[in-house]
Protein chains: 2
Amino acid sequence: MNETEPVSKTRLRLWLKLLKASNRIEDEIRRKLREDYQSTLPRFDVMSALFRYPDGLKMSEISDLLRVSNGNITGIVDRLTQEGLAERASVPGDRRASLVRLTDTGRSAFAEHAAAHEGWIDRLLTGLSEEDTAAMIARLDKLIDTLEDPRP
Amino acid sequence: MNETEPVSKTRLRLWLKLLKASNRIEDEIRRKLREDYQSTLPRFDVMSALFRYPDGLKMSEISDLLRVSNGNITGIVDRLTQEGLAERASVPGDRRASLVRLTDTGRSAFAEHAAAHEGWIDRLLTGLSEEDTAAMIARLDKLIDTLEDPRP
DNA sequence: TCCAATTATTTTAAGCTTGAACTATTTAGG
DNA sequence: CCTAAATAGTTCAAGCTTAAAATAATTGGA
């Protein structure tokens, strides 16, 4: 590649490769969730958040954690509760809010999905050495730090 | 981090960071496209593909390039043509197929969006050094190679 | 105590996304 | 030449996603 490539072009190339890699992995995860569990990645993400908080999360806490809109969470939680995987409970002292928890069924279903998910990722990333994996993690940490920094 | 972490956990951590970084950047790109151009990332992607092929692409060529379903492309191209940014033309000798091209309006709009897009990526990735950028690119190339390898 | 401002969630309209079914057309083999 | 199989694109149902509007409830200051 040309040594005189402007740094903005190099960064664009980095972004396109980042996008390509994450899209390829995500496509595979979505396919496996659908085929093996008749589920979806957004449901998996919501269940994952709820799994980490056994006492439950409020709707807006879920949307904050997952960085998606409240309206989106309403729809996903509606479907999870319809299928008996999650339930809404009232919040003492605040009739506006509701607390969402996984049911026992939901917890065990998620535990199985999560184990399988880890196996899929393990297989997909087998081609990277441990050194490359560690080196990527270190640099992604730096990148994430700069992305989260509110300074311009 | 614990030296004895299983390699599958390390790979899972890598995946989650990859996802976090690409989601943060993508969210910002989507926001800027909507606020500055009243456009969307899928439209940008389709226009980008068409921009690179001035003689046009068939519908299924667009869906192959972008790795999305034909039905999705139908909808996006419908809206781009309704807004005068693209047009469909017939394919000599094959009445099933159609060829999609950007209009002059579409070409100039995309050129502006693409220049802005490069500037946004440049700004978002400013926090990474040139060494780190190159090191990431090299490793993402390896990762992409393994993801594209059809061997199990 | 009252009420404007704020908050929590749902609803809405619009865009995107998939996989499957459907329609129209082309291709290839008998 | 004929027709089954394959192909190109559209339509459909269902799920996701956003931002904004709407509704119900809470909060805090005058």
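Which one is nearest to DNA strand D (Cβ to nearest atom), of the residues in segment A:34-63 that are within 14 Å of another protein chain (Cβ to nearest Cβ) and farther than 15 Å from residue A:79 by Cα?
A:63
Would segment A:111-134 turn up any residue that is more than 14 Å from chain B (Cβ to nearest Cβ) and not in a strand (DSSP E or B)?
There is at least one residue in segment A:111-134 that is more than 14 Å from chain B (Cβ to nearest Cβ) and not in a strand (DSSP E or B).
Can we say residue A:66 is out of contact with any Leu (no Cβ under 8 Å at 6 or more places or on another chain) and within 14 Å of chain B (Cβ to nearest Cβ)?
Yes; evaluated as a whole, the condition is true for this residue.
Pairs, please: C-beta under 9 Å, at least 6 apart or cross-chain, first residue assigned to a strand (DSSP E or B) and in segment B:96-108, second among the aromatic types (Phe, Trp, Tyr)?
Pairs found: B:101/B:53; B:102/B:51; B:102/B:110.
To keep it simple, each residue is scored yes or no on (1) over 29 Å from residue A:66 (Cα atoms); (2) surrounded by 17 or more Cβ atoms within 10 Å (Cβ to Cβ).
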residue: B:8; (1), (2): no, no
residue: B:33; (1), (2): no, yes
residue: B:55; (1), (2): yes, no
residue: B:79; (1), (2): yes, no
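Among the residues of segment A:118-126, is there at least one that is modelled with pLDDT of 95 or more and within 16 Å of DNA strand C (Cβ to nearest atom)?
For segment A:118-126, residues modelled with pLDDT of 95 or more and within 16 Å of DNA strand C (Cβ to nearest atom): present.
Could you list all residues from segment B:39-68 that are closer than 21 Å to residue B:94 by Cβ and polar (S, T, N, Q)?
B:60, B:63
Which one of A:93, A:84 is out of contact with any Ser or Thr (no Cβ under 7 Å at 6 or more places or on another chain) and surrounded by fewer than 15 Cβ atoms within 10 Å (Cβ to Cβ)?
A:93
Given (1) closer than 25 Å to residue B:27 by Cβ; (2) of a type in the set (Ser, Thr, Tyr); (3) more than 8 Å from DNA strand C (Cβ to nearest atom), where does residue B:53 come up short, assuming only one miss?
The failed condition is (1).
Select, from A:77, A:68, A:7, the only residue that is over 28 Å from residue B:5 (Cα atoms) and more than 18 Å from the chain's Cα centre (by Cα).
From the options A:77, A:68, A:7, the qualifying one is A:7.
What number of residues within segment A:108-135 are over 17 Å from the mean Cα position of the chain (by Cα), over 29 Å from residue B:136 (Cβ atoms) and not small (Gly, Ala, Ser)?
Counting residues in segment A:108-135 that are over 17 Å from the mean Cα position of the chain (by Cα), over 29 Å from residue B:136 (Cβ atoms) and not small (Gly, Ala, Ser) gives 0.
Kindly indicate which of A:69, A:63, A:90 is in contact with a strand residue (DSSP E or B) (Cβ under 9 Å, 6 or more places away or on another chain) and free of Cβ contacts under 8 Å to residues at least 12 places away in the same chain.
Exactly one residue qualifies, and that residue is A:90.
Report yes if residue B:105 is in contact with a helix residue (DSSP H, G or I) (Cβ under 8 Å, 6 or more places away or on another chain) and either more than 8 Å from chain A (Cβ to nearest Cβ) or farther than 23 Å from residue B:52 by Cα (or both), otherwise no.
no
The values are calculated or read from the model by the stated rules, or taken from the named source; none is laboratory data. Since the structure is predicted, the reported quantities are computational estimates derived from the model, not experimental observations. Here Cβ is always computed from backbone atoms with ideal geometry, including for glycine, and neighbour counts include all displayed protein chains.
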